[in-house]
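See below for the structure under consideration.
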Amino acid sequence: MSDSDRRPPFYLGIDLGGTNIKSGVVDDVGQPLSAVSLETEAERGPEVGIDNLAAAGRRAVAASGLAWAQITGVGLGSPGTMDLSRGMLLEPPNLPGWNQLPIRDLLAKKLDKPTVLQNDANAAAYGEYWAGAGRNTRSLVLFTLGTGIGCGIIDEGRIIEGRHSHGGECGHIVIQMENARQCSCGGYGHLEGYASATALVKRAIEALERDSTSSLLRSIPEDDLTSRAINQAADSGDALARRLMRETARYLAVGTVCLMHTIDPDIVLFSGGMIAAGPPFLEDIRNDIRAMAFPTLAQKVRVEYAALGGDAGFIGAAGCARMAFCKSV
Ligand SMILES: [Zn+2]
């Protein structure tokens, strides 16, 4: 991008994950000027982690070619649980030991910039709304399908944070009441316990133990059995793998229909590692939605894959800084 295409003011977005930190500088229309990645080293505790967040941010600004003084504000996306208004992490499962941590103010002090904290899936949803597959829409739901299922909801440009910072936690909506599987959060019957990449692998292992039909999956060592391997086996015509992918699509459709009947959004997006399954998986989800949703919604709500990949988090976090610190928005 040439310098003249960069639209000031500029914002720094930081996406904190349990393993890696992604950071980049983003301009006023959501274009990333840089993207860097650094290890979180979460197990070394919050002090080292916050140093790494600051280091990732400084590297992202250096890589953008901008001066530090040109950065208007910082947006930090973090895995939960948190108190957004106080900028605190409460007890984040992916960051053991980072409990009751005033992460927003600690990072703001370290970087000497105004900083805003947002839930990582909310930030990713905002990124897609601002600069990705949800551009030119007014409301959107994003599901991120990975180890868990994250979710973010944008309505009329506003992130649904809820009164207690737990709005949009739709990976944990209940889709099963009887004989329900346990979710990683400890609850039972939650969408994440059925349709995350981790849950898909777990269901595959159980199915292999239960039925003795031949399957490509049987030749894969349990440690190498990933959602991607299951999808590839399905593509190769393996009946068990196909059934597992079909069931996953159905679970996701159930969750999506709940959200469609609650929010009535313009668009529902899926992102994360599992969308490597490509168009057939998306078509399965769409077909199941059509069978369950109100006809008007089934017809009008678009269901697509997200567009920004792993950059959505830091782009959306930068967008949150823009909302918080730019008076002209
Ligand atoms: Zn749960």
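When the trypsin sites (Lys or Arg not before Pro) in the stretch 238-329 are filtered for DSSP coil states and for at most 14 other beta-carbon atoms within 10 Å of their beta-carbon, the remaining sites are Lys327.
Rounded to the nearest 10 degrees, the angle from helix 197-210 to the longest Cα principal axis of the chain is 20 degrees. For the stretch 210-329, averaging the sequence separation of C-alpha pairs within contact (under 8 Å, six or more residues apart) and dividing by the residue count gives a relative contact order of 24 percent. Full extension of the segment from Val174 to Ile205, taken as 0.36 nm per residue of separation minus the current Cα-Cα distance, would add 8.9 nm.
With the cut-off at 1.5 for a/c, could you classify the chain from its C-alpha gyration tensor as rounded, prolate or oblate? Prolate, since a/c reaches 1.5 and a/b exceeds b/c.
On a 0 to 90 degree scale, rounded to 10, what angle separates helix 278-292 from the longest Cα axis of the chain? With both axes taken from Cα atoms, the answer is about 70 degrees. If the chain linking Val29 and Ser212 were pulled fully straight, counting 0.36 nm for each residue of separation and taking away their Cα-Cα distance, it would gain 60.4 nm. Using a cutoff of 8 angstrom between alpha carbon atoms and counting only pairs six or more residues apart, the relative contact order for the stretch 85-163 works out to 19 percent. Looking at the stretch 256-318, the accessible area is 42 square angstrom per residue; that uses a 1.4 Å probe and ignores ligands, DNA and RNA. List the longest stretch of the chain that has no exposed loop site; here a site is one of the GluC sites (Glu not before Pro) assigned by DSSP to anything other than H, G, I, E or B, with at most 10 other Cβ within 10 Å. The longest such stretch corresponds to 1-155. Taking only protein heavy atoms and a 1.4 Å probe, the accessible area of the chain is 48% carbon and sulfur.
Dividing the helix sum by the residues of the chain, where each DSSP H run of 4 or more adds -39500 (n - 2.57), gives a mean residue ellipticity at 222 nm of -12000 deg cm²/dmol. Within the chain, DSSP assigns beta bridges of which about 55% are antiparallel (rounded to the nearest 5). Report, to the nearest 10°, how far helix 239-263 tilts away from the longest principal axis of the Cα atoms in the chain, using its own Cα long axis and a range of 0 to 90°. It is inclined by approximately 50 degrees.
Averaged per residue, what accessible area in Å² does the stretch 161-232 show with a 1.4 Å probe, protein chains only? Walk me through the intermediate numbers first.
Working: 4210 Å² over 72 residues.
Heavy-atom SASA per residue in the stretch 161-232 reads 59 Å².
With a Förster radius of 45 Å applied to the C-beta separation of Arg138 and Asp235, the computed FRET efficiency comes to 0.80.
Taking label points 7 Å from Cα along the Cα-to-Cβ direction, Asp264 and Leu90 give a separation of 3.1 nm. Look at where the Cα atoms of the stretch 58-96 and of the stretch 135-210 average out, and the two centres are 23 Å apart.
The values are calculated or read from the model by the stated rules, or taken from the named source; none is laboratory data. Predicted model only: the values in this text are computed from it and were never measured. FYI the Cβ positions are ideal-geometry reconstructions off the backbone, even for glycines, and counts take in every protein chain you see. The accessibility values were calculated without ligands, DNA or RNA, using every heavy atom of the protein model including side chains. Shrake-Rupley method; radii C 1.70, N 1.55, O 1.52, S 1.80 Å.
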